[in-house]
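The block underneath contains the structure these notes are about, expressed in structure tokens.
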Amino acid sequence: TNNFSLLPRADRVGGNLVRAFMMEQRGALILALCASVCMSKEGGSLSVSEGQSTIEVNEGISPSMLQVQDHHNGADQESDLVVHRLHVGVGHPVNAALFGVGDDWTLGADTWQNATQLDGIKALRVGATRFPGGACSNYWNLSAANGATFGGVVAPCGQATCQNSSRWCSVDRKVRAAPAGAFATAAFLLGPAAATTESNPVIDLNLLHFDGLTAPALVDAVVAAAAAAGPTVLPLTRWELGNEYYLPSDWQPPQSYGCSPVSHPAGYAARSRPVIARIRKVGPPGARVAAMGDLDELLAPPSSPLHQWNAGLQATGLVNDVDAVTLHDYGDRGILAVAPEYQVAALAAWGHARMRLVVAAAPTEWPNKPIWMTEFGIDSGTFKASPFLAAHNHGGVKAMHVLGRVLGAIETEGLVEVLQYYSLGGQGWGKDAGMLQWATDRSGTLVGDAVAQMFAHASAVATRQGASTMHVVTFGPDAAKMQWGNGTAPPGMAAMTCLQAAAFSGTDHTSYIVLNRCNGTLNVTLPPPPPSLSPGGSTAAWTIYDCGPKSAIGFAPLPNSSHPFPWPGPIKPTTGTTAIDAVSGASIVLTGMSTLIATVR
């Protein structure tokens, strides 16, 4: 009654020759794996038996999961037939700091002892964070734990008071109303910082209001707070010298940075050097210091008039005095220049593309200096400027954007040491872009979007106990490429493959994260594990998230930190197990615009 047309082809699953059929129904392609066909569909479950091997789907497969969307980007029917084998490269120690999430911690309504918030951080498997946060770092006194009154210290445009900094005065009122010590640095280290995987946040120092004479005391205050926090907190080895002084002004209300010496490279270097010296003297062994670079300048053409901050830092020699360079990236407005029919694919791949651009430019600008990307995200203005993109703000495509950046950082093989998405969402300006929100029913519970759901799962498999090595994954020359019609590929996306992946190995398992940024269905083959890992045979347990434009958008109750993965929402995941052949591995069909997370044991 449905008029399926069957197009046979040969393939391998679990080492057994099987036949795959493309079943065409009103232009939609559905892939079924068949051998001596034994297929049943009962209660939303599907199992396909082939010889000794069984592929089991535990969750219901929705039509949007199996259907290849009507698309303007991605692999066509011919490239759907290509087997995409994962080639796992040499391993490097797992770096949980690449799964970082930041926020403006001093702007929220909650103290740092909120148990629900702390369990939410643990549930998300946040690798590391940053304190006090972004722009709020420029208005926070790490010695006195307040955000509006600075005593007699240097202020950029006169004393910071309620006349010219109302946001920060509201912060000060909140701090004064809280119990004593609630917003002390030690409280943050024992609260949100301790809830992260590493318990070693990036400490961002306020050089806007504190000069070369007073700023070193901030270092002493933080070191003392870490000592007071005790062994729960790891030694604080990451120190950042301020936040975005290369911008013309601060946010809401605009307060010009231009009247402060730190808005110019020479003044910034002068204030930074005494602080660097103090960190080297009183900081823990292995303490590292990062100076800020300007990513827009880094990626601009050499003739651009923007080249002022980075060139000025080079002229001062400050880059030679630090261990790393920090970059912030909200450069996603370029998505709006992409033809509308390609914008979803561009959004999914944009984070990866930006990392490729950084890899191409940063080593030349700052030789032998690692990059700390202490903020990246999607400018909420980008979504507001495009109703088409606004529809995907909290959906699966955005989750692919974030995970693509993380996997892109892994591809840099150590060039990017720190990566933090902005933002967690419970504080400050990050609410539009944040992974989490407080439930609107005022129940005091947290809800998470698709970014939270997929980020937490990916971070869990990457940093789980026993995972010791992360690997770059590549594909063969025949791998399907992203297509852009008759137009030019967006920056960083030339010859970009549909698939992006990374692997994480431990003593008893290997896990994979694979993104399919195209709309065509692709055959992904996981390599077999070494015999020493599983002499009795191996199985791949996998989860697929449908991230296409028709996937769930919005929020779902945030599970607690002990809840197993995958979480049930907001995207309904499909899960299953596949036996792995010792020679050929295991093939998994990955539908268009979807994400695969699999673990082989």
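The criterion of at least 3 residues that are of a type outside the set (D, E, K, R) and at pLDDT 75 or above is met by the following helices (runs of 4 or more DSSP H) wholly inside segment 120-235: 185-188, 215-229.
Filtered by the rule that a residue be in a loop (DSSP other than H, G, I, E, B) and open to solvent by 10 Å² or more (accessible area, probe 1.4 Å), segment 506-519 gives 507, 508, 519. Could you go through segment 421-428 and let me know if any residue there is over 15 Å from residue 570 (Cβ atoms), at pLDDT 95 or above, in contact with a strand residue (DSSP E or B) (Cβ under 9 Å, 6 or more places away or on another chain) and part of a strand (DSSP E or B). Within segment 421-428 (the criterion being over 15 Å from residue 570 (Cβ atoms), at pLDDT 95 or above, in contact with a strand residue (DSSP E or B) (Cβ under 9 Å, 6 or more places away or on another chain) and part of a strand (DSSP E or B)), the answer is yes, since at least one residue qualifies. When each of 525, 488 is tested for being part of a loop (DSSP other than H, G, I, E, B) and among the hydroxyl-bearing types (Ser, Thr, Tyr), the lone residue that passes is 488.
Note on segment 257-334: enclosed helices (runs of 4 or more DSSP H) holding 1 or more residues that are within 30 Å of residue 390 (Cα to Cα) are 295-299. Looking only at residues in segment 248-270 that are open to solvent by less than 60 Å² (accessible area, probe 1.4 Å) and within 30 Å of residue 127 (Cβ to Cβ), the one that is modelled with the highest pLDDT is 268. Residue 85 - would you say it is over 24 Å from the mean Cα position of the chain (by Cα) and modelled with pLDDT of 80 or more? When the stated conditions are applied, residue 85 passes them. Filtered by the rule that a residue be among the basic types (Lys, Arg), at pLDDT 95 or above and either assigned to a loop (DSSP other than H, G, I, E, B) or surrounded by fewer than 15 Cβ atoms within 10 Å (Cβ to Cβ) (or both), segment 337-391 gives a lone residue, 369. Given the structure, is residue 79 modelled with pLDDT under 50, closer than 30 Å to residue 439 by Cα, open to solvent by 20 Å² or more (accessible area, probe 1.4 Å) and not in a loop (DSSP other than H, G, I, E, B)? Taking the combined requirement at face value, the residue does not satisfy it. Residue pairs whose Cβ atoms lie under 6 Å apart, sitting 6 or more positions apart in sequence or on different chains, and linking a residue in segment 464-484 that is at positive phi and in contact (Cβ under 8 Å) with a residue 12 or more places away in the chain to a partner that is surrounded by 15 or more Cβ atoms within 10 Å (Cβ to Cβ) and not aromatic (Phe, Trp, Tyr), are 466/506. Scan segment 559-577 and give yes if some residue there is at pLDDT 95 or above, farther than 28 Å from residue 116 by Cα and of a type in the set (Gly, Ala, Ser), otherwise no. Looking for residues that are at pLDDT 95 or above, farther than 28 Å from residue 116 by Cα and of a type in the set (Gly, Ala, Ser), one finds at least one in segment 559-577, hence yes.
The number of residues in segment 173-209 being in contact with a helix residue (DSSP H, G or I) (Cβ under 6 Å, 6 or more places away or on another chain) and more than 25 Å from residue 233 (Cα to Cα) comes to 1. Scanning segment 382-421 for residues that are among the aliphatic types (A, V, I, L, M), within 13 Å of residue 347 (Cβ to Cβ) and within 11 Å of the chain's Cα centre (by Cα) turns up 399, 400, 402, 403. The set of residues in segment 392-407 being touching a Lys or Arg at 6+ places or on another chain (Cβ under 9 Å) and open to solvent by 10 Å² or more (accessible area, probe 1.4 Å) consists of 392 alone. Considering segment 544-601 alone, what residues qualify as being open to solvent by 20 Å² or more (accessible area, probe 1.4 Å), out of contact with any Gly (no Cβ under 8 Å at 6 or more places or on another chain) and of a type in the set (A, V, I, L, M, F, W, C)? Selection gives 565, 589. Return yes when residue 503 is touching a residue at least 24 places away in the same chain (Cβ under 8 Å), in contact with a His (Cβ under 6 Å, 6 or more places away or on another chain), closer than 24 Å to residue 353 by Cα and crowded, with 22+ Cβ neighbours inside 10 Å and no when it is not. Yes: the conditions hold for residue 503.
Let's see how each residue does on (1) over 19 Å from residue 242 (Cα atoms); (2) polar (S, T, N, Q):
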| residue | (1), (2) |
| --- | --- |
| 294 | no, no |
| 314 | no, yes |
| 318 | no, no |
| 324 | no, no |
| 338 | yes, no |
| 344 | yes, no |
| 347 | yes, no |
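The values are calculated or read from the model by the stated rules, or taken from the named source; none is laboratory data. This one's a predicted model, so the numbers in the text were calculated from it and none came from an experiment. Heads up, the Cβs are rebuilt from the backbone with ideal geometry, glycines too, and the neighbour counts pull from every protein chain shown. Remember, those area values only see protein heavy atoms, side chains included, never the ligands or the DNA or RNA. Shrake-Rupley method; radii C 1.70, N 1.55, O 1.52, S 1.80 Å.
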